[in-house]
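To start, the structure itself, in structure tokens.
Taken together, the values in this text are just the output of simple stated rules run on the coordinates, not laboratory data. Source: prediction; values computed, not measured. Please note: Cβ atoms are built from the backbone with ideal geometry, for glycine as well, and neighbour counts cover all protein chains shown.
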């Protein structure tokens, strides 16, 4: 039995962990951006700032729970499929969606 770790497997694992952490950080930033976009839309539609301040914590809570479920699900997915094309594809989609939210936030 080969007990030596394959250097390529170790590098792939390290890259996957780094990308997973980047996904988490971008997800947290996306929560902040979605909250601000939501607030901007509500104020633009005529809601008061008090209404926005009332709904914002609930929005953050819901988005944080969704992100938590996403983090747990993807960590299991990547753990089982590390180094496979499906895992890299999920990383790409995750980062693309989160980056799109942040780009939209900075454009608005």
**Report entry** Order of 20, 58 - criterion: other Cβ atoms within 10 Å of each residue's Cβ, fewest first
**Finding:** 58, 20
Report summary line: Fewest-first ordering of 54, 78 by Cβ atoms within 10 Å yields 54, 78
Query - Listed peptides 7-18, 93-104 by packing density, highest first (mean Cβ within 10 Å) - result: 93-104, 7-18
Report task. Using just the helices of the chain, give the 222 nm mean residue ellipticity in deg cm²/dmol: DSSP H runs with n ≥ 4 each add -39,500 (n - 2.57), and the total is spread over all residues, rounded to 500. Result -> -31000 deg cm²/dmol
Report summary line: Listing 19, 49 by rising number of other beta-carbon atoms within 10 angstrom, fewest first, gives 49, 19
Requested in this report: For the chain, just run the numbers: alpha carbon Rg, then divide by 2.2 N^0.38 Å, N being how many residues it has.
Outcome: 1.40
Requested in this report: State, as an integer percentage, the relative contact order of the chain based on alpha-carbon contacts under 8 Å between residues 6 or more apart.
Outcome: 48
Report task. Sort out for me the Cα centre separation of region 56-95 from region 18-37, rounded to whole Å. Result -> 11
